1. If you go through the stretch B:73-100 one residue at a time, how many are away from DNA strand C (no atom under 16 Å from the Cβ) and not hydrophobic (A, V, I, L, M, F, W, C)?
2. Tell me, yes or no, whether the stretch A:15-25 has at least one residue that is near DNA strand C (Cβ under 10 Å from one of its atoms) and crowded, with 16+ Cβ neighbours inside 10 Å.
3. Please go through (1) at pLDDT below 95; (2) within 16 Å of DNA strand D (Cβ to nearest atom); (3) more than 10 Å from every other protein chain (Cβ to nearest Cβ) for B:ASP75 and return the number of the only condition it doesn't satisfy.
4. Being within 20 Å of the chain's Cα centre (by Cα), among the small types (Gly, Ala, Ser) and open to solvent by 40 Å² or more (accessible area, probe 1.4 Å): is that true of A:SER90 here?
5. Return the total of residues in the stretch A:104-113 being of a type in the set (A, V, I, L, M, F, W, C) and within 7 Å of another protein chain (Cβ to nearest Cβ).
6. Within the stretch B:28-49, can you find the residues that are closer than 14 Å to B:HIS61 by Cα, open to solvent by less than 30 Å² (accessible area, probe 1.4 Å) and either within 13 Å of DNA strand D (Cβ to nearest atom) or touching a residue at least 60 places away in the same chain (Cβ under 8 Å) (or both)?
7. Return the residues of the stretch B:26-56 that are hydrophobic (A, V, I, L, M, F, W, C) and within 12 Å of DNA strand C (Cβ to nearest atom); say none if nothing qualifies.
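The values are calculated or read from the model by the stated rules, or taken from the named source; none is laboratory data. Remember, predicted model here, so these are calculated numbers, not experimental data. Because the Cβ atoms are built from the backbone with ideal geometry, glycine has one as well, and the counts that use them run over all protein chains shown. These area figures cover heavy atoms from the full protein model, side chains too; ligands, DNA and RNA do not enter into them. Shrake-Rupley method; radii C 1.70, N 1.55, O 1.52, S 1.80 Å.
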Number of protein chains: 2
Amino acid sequence: MMTVLFSRKCEYALQGILYLAENQFKGNISAEQIATDLDISRDFISKTLQSLVKDDIIQSHRGKSGGFTLAKDPDSMSLLDIVLIIDGNSVFESCVLGLPTCGADSPCPVHDKWGPIREASRKMLENTTVAQFQPITGSEY
Amino acid sequence: MMTVLFSRKCEYALQGILYLAENQFKGNISAEQIATDLDISRDFISKTLQSLVKDDIIQSHRGKSGGFTLAKDPDSMSLLDIVLIIDGNSVFESCVLGLPTCGADSPCPVHDKWGPIREASRKMLENTTVAQFQPITGSEY
DNA sequence: CCATAATCGGAGTATATAGTCCGAATTAAA
DNA sequence: TTTAATTCGGACTATATACTCCGATTATGG
């Protein structure tokens, strides 16, 4: 195991969303194809993407030549949106040393130093939209 | 569950070490006392501290009025030292999106943005020594 | 010397997360 | 209209981590 900031499920969700953005012009993308190209489990990425369908982040289409597509304008979809849906915002709220009482009034030894780093992480995810990673349409023809 | 950067075990180790530094002048501190004051499991913090004894971070003393003490000058002990012993350095090396191929040659979408944040985290831990949190000796008498 | 209080070591249990499997529903294409 | 390819839902298994328990060992202090 050992992820950095997010759960595996969240990492896969982010990878999957970015993959969908990159391949947006191809229409429906099956879990099979995503799994193959990202080299992860088909059933697991499938389940993970299904959970994002409920939140209108992606659309799913059953049946032959079905698959997943982005549900919204990728410009309006930040990586933070996905993180908050899957992992919640505890990573941006909890004490990095795990002290339950840590806060402005009773700060842990690294509370003040961690604050700006956490904010930078948050802003990075907030300012990074899925659209930034689409291929420029037509550039390759 | 849901920690921020480190495993629970690592969080407890950091909390325990800082507690030992704060109470350094009291001599041996039992796992029982640490657990009570930090409100965590005695057996678990005990095991965690035991694993740090091997690495000469802390000393243990069996028998009546035994317990744990810091093994080194707290000035020469950074939080990073403890993190590396318990969790290793994968948190400072791995891709934040979990992409195994991510690197300078094949960067993930947030690779360049994450680098400085990761370095800041690392430096924060490296520059924070356990000694900074000892009470100033004599100041309270 | 004895009772007590502590770590140590090993083994075990609990829980959350990760990942699998299968059958049903659905849909497009042949 | 049939077949094949797909998501969907639920239940299941696997694994890593968190946490507990107990008996042995050790040492202090009365």
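1. 9
2. Taking the stretch A:15-25 as the starting set, the residues that turn out to be near DNA strand C (Cβ under 10 Å from one of its atoms) are none.
Taking every residue of the stretch A:15-25 in turn, none turns out to be near DNA strand C (Cβ under 10 Å from one of its atoms) and crowded, with 16+ Cβ neighbours inside 10 Å.
3. All conditions pass for B:ASP75, except number (2).
4. no
5. Final tally of qualifying residues: 1.
6. Scanning the stretch B:28-49 gives B:ALA31, B:SER46, B:LEU49.
7. Correct list: B:ILE29, B:ALA31, B:ILE34, B:ALA35, B:PHE44, B:ILE45, B:LEU49, B:LEU52, B:VAL53.
For every residue, the table says whether it meets (1) at pLDDT 95 or above; (2) closer than 30 Å to A:VAL130 by Cα; (3) touching a helix residue (DSSP H, G or I) at 6+ places or on another chain (Cβ under 7 Å).
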{"site": "B:ALA35", "(1), (2), (3)": "yes, no, yes"}
{"site": "B:LEU38", "(1), (2), (3)": "yes, no, yes"}
{"site": "B:ASP43", "(1), (2), (3)": "yes, no, no"}
{"site": "B:VAL53", "(1), (2), (3)": "yes, no, no"}
{"site": "B:VAL91", "(1), (2), (3)": "yes, yes, no"}
{"site": "B:PRO116", "(1), (2), (3)": "yes, yes, no"}
